[in-house]
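The values are calculated or read from the model by the stated rules, or taken from the named source; none is laboratory data. Model, not experiment: these values are computed from the prediction. Methodologically, a virtual Cβ is constructed for each residue, glycine included, from the backbone with ideal geometry; neighbour enumeration extends over all protein chains shown.
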Amino acid sequence: MPMLLAIETATNVCSVAFCNDEGSTYEQRVEERGTHSETLFRFIEQLKQDHGFIVRELEAVLLSQGPGSYTGLRIGASAVKGLLFDTEVPLYGINTLASFAMQAFSNNDDLQTIHSIIDARRVHVYHQQFDVKDGILSTNDEVEVIPIEGFEGMVRKGDAIIGTGLPRINDQVTNKTTTFGADAITAKSLIKLYQAGAEPFIEQASPASYEPKYYTSNQVR
């Protein structure tokens, strides 16, 4: 199995996951606002120390590319620029909301429609809808910034919702769905998505010129 390192900093969750050459995955994770710059490099170094690998041995580094917190995404981007400097290890940016959906599906393989959301503050969420058919995750939707009320009108009984925006959703909506909160957000899902070969959600990027995918209030639907 190829060795992989995955970094998730798009929300208040800071998670780093390592997959070794036997296919086992290990994680360092914390959910706390404003601590990513302190914890991210410590997590990377801890995993390197615990599992005895060096960056040059990795097949790839996977990075959650957005949408999400501007500060968190910048911290992740800066980290990989330094981490991969003067190496030939490829970097892949992975759709943050797709990785959420992958985690929900991994937790419940009966799901068919998954809504991934991130709190965009004010009265909005970042949203993308995903479908699962024959074990394959797909979408016909673009990432959008939409009013919470508008999102609630889209959700149908039996759908799933995952993400940091969950506490802001009306109970009448969440009670008819399968839900996964911030505790389900993990860099492990980036590895799962990469290993599944979900190419529509994965983009190779140059570490030196990499930029996260930001979404702003100008993109409100």
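Among the residues of the range 60-92, which ones are among the charged types (D, E, K, R) and under 24 Å from ASN20 (Cα atoms)?
LYS81, ASP86, GLU88
Name the single residue that is surrounded by the fewest Cβ atoms within 10 Å (Cβ to Cβ) among those in the range 107-128 being closer than 16 Å to ASN95 by Cβ and among the hydroxyl-bearing types (Ser, Thr, Tyr).
Checking each candidate, the answer is TYR126.
Determine if the range 144-151 includes at least one residue that is surrounded by fewer than 21 Cβ atoms within 10 Å (Cβ to Cβ) and over 19 Å from PRO67 (Cβ atoms).
Looking for residues that are surrounded by fewer than 21 Cβ atoms within 10 Å (Cβ to Cβ) and over 19 Å from PRO67 (Cβ atoms), one finds at least one in the range 144-151, hence yes.
Could you say which residue among LEU62, LEU73, LEU84 is buried (at least 17 other Cβ atoms within 10 Å of the Cβ), more than 17 Å from the chain's Cα centre (by Cα) and more than 23 Å from ALA160 (Cα to Cα)?
Result of the check over LEU62, LEU73, LEU84: LEU84.
Assuming SER64 fulfils every condition listed in (1) touching a helix residue (DSSP H, G or I) at 6+ places or on another chain (Cβ under 6 Å); (2) at pLDDT below 95; (3) among the hydroxyl-bearing types (Ser, Thr, Tyr) apart from one, which condition is it?
All conditions pass for SER64, except number (2).
TYR126 fails exactly one of the following numbered conditions: (1) among the hydroxyl-bearing types (Ser, Thr, Tyr); (2) closer than 20 Å to ALA60 by Cβ; (3) within 13 Å of the chain's Cα centre (by Cα). What is the number of that condition?
(2)
Yes or no: the range 97-104 includes at least one residue that is in contact (Cβ under 8 Å) with a residue 60 or more places away in the chain, within 23 Å of PRO207 (Cα to Cα) and small (Gly, Ala, Ser).
yes
Residue by residue through the range 95-123, note down the ones that are hydroxyl-bearing (Ser, Thr, Tyr), under 17 Å from the mean Cα position of the chain (by Cα) and in a strand (DSSP E or B).
Passing the criteria: only SER116.
Can you tell me which of (1) touching a Pro at 6+ places or on another chain (Cβ under 6 Å); (2) closer than 14 Å to ALA184 by Cα is the one MET102 doesn't meet?
Condition not satisfied by MET102: (1).
If we scan the range 204-217, do we find a residue that is within 27 Å of VAL16 (Cβ to Cβ), assigned by TED's automatic domain parsing to the domain that holds SER106 and of a type outside the set (S, T, N, Q)?
For the range 204-217, residues within 27 Å of VAL16 (Cβ to Cβ), assigned by TED's automatic domain parsing to the domain that holds SER106 and of a type outside the set (S, T, N, Q): absent.
Need pairs with beta-carbon distance below 8 Å; first residue not assigned by TED's automatic domain parsing to the domain that holds HIS127 and surrounded by fewer than 24 Cβ atoms within 10 Å (Cβ to Cβ) and within the range 1-23, second part of a strand (DSSP E or B) and hydroxyl-bearing (Ser, Thr, Tyr); sequence gap 6+ or separate chains.
From the range 1-23, the pairs are ASN20/TYR26.
So ILE161 clears everything in (1) surrounded by fewer than 23 Cβ atoms within 10 Å (Cβ to Cβ); (2) over 23 Å from LEU63 (Cβ atoms); (3) of a type outside the set (Gly, Ala, Ser) except one condition, right? Which one?
If we test ILE161 against (1) surrounded by fewer than 23 Cβ atoms within 10 Å (Cβ to Cβ); (2) over 23 Å from LEU63 (Cβ atoms); (3) of a type outside the set (Gly, Ala, Ser), just (1) comes out false.
Can you run down the residue pairs with Cβ atoms below 7 Å, 6 or more apart or on separate chains, where the first is in the range 28-43 and touching a residue at least 60 places away in the same chain (Cβ under 8 Å) and the partner is polar (S, T, N, Q)?
Matching pairs, first to second residue: ARG29/SER15; ARG29/THR186; GLU31/ASN12.
Just need a number here: residues in the range 169-199 that are surrounded by fewer than 17 Cβ atoms within 10 Å (Cβ to Cβ) and among the basic types (Lys, Arg).
Within the range 169-199, residues that are surrounded by fewer than 17 Cβ atoms within 10 Å (Cβ to Cβ) and among the basic types (Lys, Arg) number 1.
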